[in-house]
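Presented below is the structure to which this report refers.
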Amino acid sequence: MLLALAGVTGVGKSFFKDKLVDELGFSKIKILTTRQIRNGEKNNVDKIFVTPEELQDFKNKGKIAYDFEMLGNTYAYTKEEVFSDKNTVFELHYNTIYDFKRICPNLCAIYIMPKNLEDAKNNTRKRALSPEVEKKRLLEIDEHYNKICNDSNLRNMFDYIVYNNFDKESEDTIVNLVKKIMIDKK
């Protein structure tokens with residue numbers, strides 16, 4: 001099963017991705033990116049940091065399933081990871097859902113909504129981002145949140161919408177939902 005987690009920055013996508021790996025045996029899909037590595041990040045753990053030339057080489061060799069631009073950087077998913085037979089999970093930027101559903105019709109997409117938008121913003125502020133990048137991310141949170149709240153076509157692209165209150169109950173809800181999805185897909 002190919003499972004995508006989407007939501008505003010700071011809503012807990014990475015947390016839940018790790019939880020599904022630890023508790024349900026999912027494999028993480030590693031996204032390639034041309035953005036600079038941040039403090040605390042390790043290459044080839046969650047992301048694969050590449051130069052624009054290296055990414056172009058992947059594209060020239062036909063290894064990329066999908067790529068997109070965000071905040072001045074390119075991100076890409078490899079065919080090998082996206083079309084795997086394993087249970088895989090990755091973080092999906094909300095505005096790429098239309099393309100991903102076209103490329104991978106069997107994609108199961110969960111949108112994680114913050115119960116309190118300020119919690120997501122505070123989580124974003126805790127990251128070691130430059131002031132310029134933090135400002136862009138915080139503006140994107142508002143833009144993204146307004147878009148998902150007001151665009152029914154966008155909301156309908158997601159198979160499930162769940163709320164994260166950053167507590168144990170929210171954790172259990174999301175993990176149990178994925179367990180149910182796994183049973184239903186068998």
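Which whole-number percentage describes the relative contact order of the chain, with Cα contacts under 8 Å and a sequence gap of 6 or more? Before the final figure, lay out each step's value.
Numbers: 260 pairs, mean separation 59.5, N = 186.
The normalised contact order for the chain reaches 32 percent.
Please arrange Asp85, Asp167, Asp99, Asp67 by counting, for each residue, the other beta carbons lying within 10 Å of its beta carbon, fewest first.
On the way: Asp85 7, Asp167 10, Asp99 13, Asp67 19.
Fewest to most other Cβ atoms nearby, the residues stand as Asp85, Asp167, Asp99, Asp67.
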(request) Distance between Cα centroids, the range 43-58 to the range 1-19: provide it in whole Å. (result) 21
(request) Just subtract the alpha-carbon distance of Leu24 and Glu53 from 0.36 nm times their residue separation and send over the number in nm, one decimal. (result) 6.8 nm
(message) Expected output is a single nm value to one decimal: the length gained when fully extending between Glu134 and Ser84, i.e. 0.36 nm times separation in residues minus the C-alpha distance. What is it?
(response) 14.6 nm
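Determine the dipole magnitude for the chain: charges of +1 sit on the beta-carbon of Lys and Arg, -1 on that of Asp and Glu, nothing else is charged, the reference point is the Cα centre, and the result goes in debye to the nearest 20. Each step should come with its number before you reach the end.
Details: 31 positive and 29 negative charges, 35 e Å.
The dipole magnitude comes to about 160 debye.
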(message) 5 Å is the cut-off here: which amide hydrogens, built 1.01 Å from N in the peptide plane, fall below it relative to Ala109, excluding neighbours closer than 5 in sequence?
(response) Ala4, Asp159, Tyr160
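Do any of Lys42/Lys168; Lys136/Lys179; Lys47/Lys86 go past 26 Å between their Cα atoms, and which? It would help to have the intermediate numbers written out before the result.
On the way: Lys42/Lys168 28 Å; Lys136/Lys179 35 Å; Lys47/Lys86 19 Å.
Violating the 26 Å limit, Cα to Cα: Lys42/Lys168; Lys136/Lys179.
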(request) Could you line up Ser130, Ser14 from fewest to most neighbouring Cβ atoms inside 10 Å? (result) Ser130, Ser14
(message) With n ≥ 4 as the cut-off for DSSP H runs, can you work out [θ] at 222 nm for the chain, using -39500 (n - 2.57) per run divided by the number of residues, rounded to the nearest 500?
(response) -13500 deg cm²/dmol
(message) Here are labelled values, (i) 23, 22, 16; (ii) 26, 20, 14; (iii) 31, 18, 16, and one is the computed semi-axes √(5λ) of the Cα gyration tensor in Å for what I pasted. Which one?
(response) (i)
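Quick one: length gained pulling Lys186 to Arg127 fully straight, 0.36 nm per residue minus the C-alpha distance? Don't skip to the answer; put the middle values down first.
Working: separation 59, 0.36 × 59 = 21.24 nm, distance 3.86 nm.
Here the answer is 17.4 nm.
As a footprinting exposure proxy, order Arg155, Arg38, Arg102 by other Cβ within 10 Å, with the fewest listed first.
Exposure proxy ranking, most exposed first: Arg102, Arg38, Arg155.
What is the local net charge at Thr9, summed over the other residues whose Cβ is closer than 9 Å to its Cβ (Lys, Arg +1; Asp, Glu -1)? Don't jump to the answer; show the numbers that get you there.
Numbers: positive: Lys13, Lys121, Arg127, Arg137; negative: Glu140.
After counting each charged neighbour, the total is +3.
Read-outs throughout are calculated quantities, based only on the coordinates presented, and are distinct from any laboratory measurement. As the structure is a computational prediction, the values presented were derived from the model and not from experiment. Glycine also receives a Cβ, built like all others from the backbone with ideal geometry; neighbour counts cover every protein chain displayed.
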